Amino acid sequence: MIQNPILKAGALLLIFTVVSIFFVSLTQDSTKDKIKYNEDQLLIKRLGELVSGYDNNILEEKFLKKIKLHGVEQSIGIYLAKKNNKIFAYLIEHTYPNGYSGNIRLLTGIDINNKLLGVRVITHRETPGLGDKIETKKSNWIEQFRGLSLLNPVKSEWKVKRDGGVFDSFTGATITPRAIVTASYQVLVLFTQKNLMKNLEK
């Protein structure tokens with residue numbers, strides 16, 4: 001038995017620290033799978049909003065590619081949507097770094113004819129009540145990208161109306177919609193002009 005009060009207090013503190021670390025680690029391990037499951041479910045929901053009719057396991061047929069996109073080096077995820085073992089759409093998970101409040105994680109769908117199937121926001125930190133209107137649960141603003149391509153509209157019109165383009169923005173918030181428009185155009189350029197899809201098919 002420890003008689004010295006200082007040693008006794010030190011031993012109790014050590015025991016408390018070890019026990020605390022154990023329970024924190026246990027909590028992290030037990031919630032890790034739940035967090036991953038929730039993330040996958042959100043991703044499946046976003047994928048389903050952009051593409052339907054695929055018969056492959058779209059989450060397993062994923063490519064990770066290191067590439068410079070939106071002015072930064074990043075790892076993008078590319079999901080393949082297939083029907084009867086033939087690719088008919090690509091869904092690109094990427095990060096646009098210049099939102100009003102930083103990174104905006106996006107999922108962009110492109111079909112084999114280089115047309116947008118749509119754009120969805122996965123995560124963001126934009127201003128509630130203003131920039132968060134990029135979420136489908138807040139508004140239908142982001143629906144306007146479906147069916148667009150590099151030629152429709154032409155390059156000079158891939159801007160919000162305030163900058164001389166054709167895209168609406170939000171009252172009191174221009175930076176966030178400008179970010180989505182720019183990100184969508186740059187992904188189309190990446191896939192259409194750099195033959196990225198053909199490289200994946202090899």
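The values are calculated or read from the model by the stated rules, or taken from the named source; none is laboratory data. Only a predicted model underlies this, so the values are computations on that prediction, with no experimental measurement involved. Counting neighbours? That spans all protein chains shown, and the Cβs are built from the backbone with ideal geometry, glycine included. Ligands, DNA and RNA are stripped out before the accessible areas are found, and what is left, the full protein with its side chains, is counted by its heavy atoms. Shrake-Rupley method; radii C 1.70, N 1.55, O 1.52, S 1.80 Å.
As a test, work out the antiparallel percent of DSSP beta bridges whose residues both lie in the chain, rounded to the nearest 5.
Just about 95 percent of them are antiparallel.
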Practice task
At 1.4 Å probe size, with no ligands or nucleic acids counted, give the accessible surface of residue 37 in Å², nearest ten.
Solution key: 120 Å²
Practice task
Report which label in [x] 0.94; [y] 1.18; [z] 1.06 holds the value of Rg/Rh (Cα atoms, Kirkwood Rh) derived from the coordinates of this structure.
Solution key: [y]
Exercise for the section: Report the relative contact order of the chain, percent, no decimals, based on alpha-carbon pairs under 8 angstrom and at least 6 residues apart. Expected result: 13 percent
Completion exercise
Which residues qualify? For residue 148, with a placed amide H closer than 5 Å and at least 5 residues away or on another chain, they are 116
Completion exercise
For region 131-170 the mean separation of alpha carbon contacts under 8 Å (6+ apart) over residue count, i.e. relative contact order in percent, is 25 percent
Exercise for the section: List the residues whose amide H sits under 5 Å from the amide H of residue 127, counting only those 5 or more places along or on another chain, with H placed 1.01 Å from N in the peptide plane. Expected result: 132
Completion exercise
Under the helix-only model (-39500 (n - 2.57) for each DSSP H run of 4 or more, divided by the residues of the chain), the mean residue ellipticity at 222 nm, to 500 deg cm²/dmol, is -12500 deg cm²/dmol
Practice task
Return one number: the angle in degrees, 0 to 90 and rounded to the nearest 10, between the long axis of the Cα atoms of helix 5-50 and the longest principal axis of the Cα atoms of the chain.
Solution key: 20 degrees
Fill in the blank from the handout: If every Lys and Arg gets +1 and every Asp and Glu gets -1 at its Cβ, then about the Cα centre the chain yields a dipole, in debye to the nearest 20, of 340 debye
Practice task
Can you work out the accessible area per residue across the chain, with the rest of the protein chains kept in place, probe 1.4 Å, in square angstrom?
Solution key: 60 Å²
Practice task
Could you work out the relative contact order of region 89-202, using alpha carbon pairs under 8 angstrom and six or more residues apart, expressed as a whole percent?
Solution key: 21 percent
Exercise for the section: Using a Gaussian network model of the chain whose springs link C-alpha atoms within less than 10 Å, name the residue from 51, 18, 160 with the highest mean-square fluctuation. Expected result: 18
Practice task
May I ask you to evaluate 6.51 cos²θ - 1.76 cosθ + 1.60, the Karplus curve with θ = phi - 60°, for each residue of region 159-170 and list the ³J(HN,Hα) values in order in whole Hz, giving x for glycine and proline?
Solution key: 8, 6, 4, 4, 9, x, x, 10, 8, 5, 10, 9
Completion exercise
For the table 32/83; 62/86; 36/66; 82/155, the rows whose alpha-carbon distance is greater than 26 Å are 32/83; 82/155
Completion exercise
In region 41-90 the accessible area split gives carbon plus sulfur, as whole percent at 1.4 Å, a share of 49 percent
Practice task
Take the Cα atoms of region 71-137, build their convex hull, and give its volume per residue in Å³.
Solution key: 101 Å³
Exercise for the section: Starting from the residue with the highest accessible area, list 125, 105 in decreasing order, probe 1.4 Å. Expected result: 125, 105
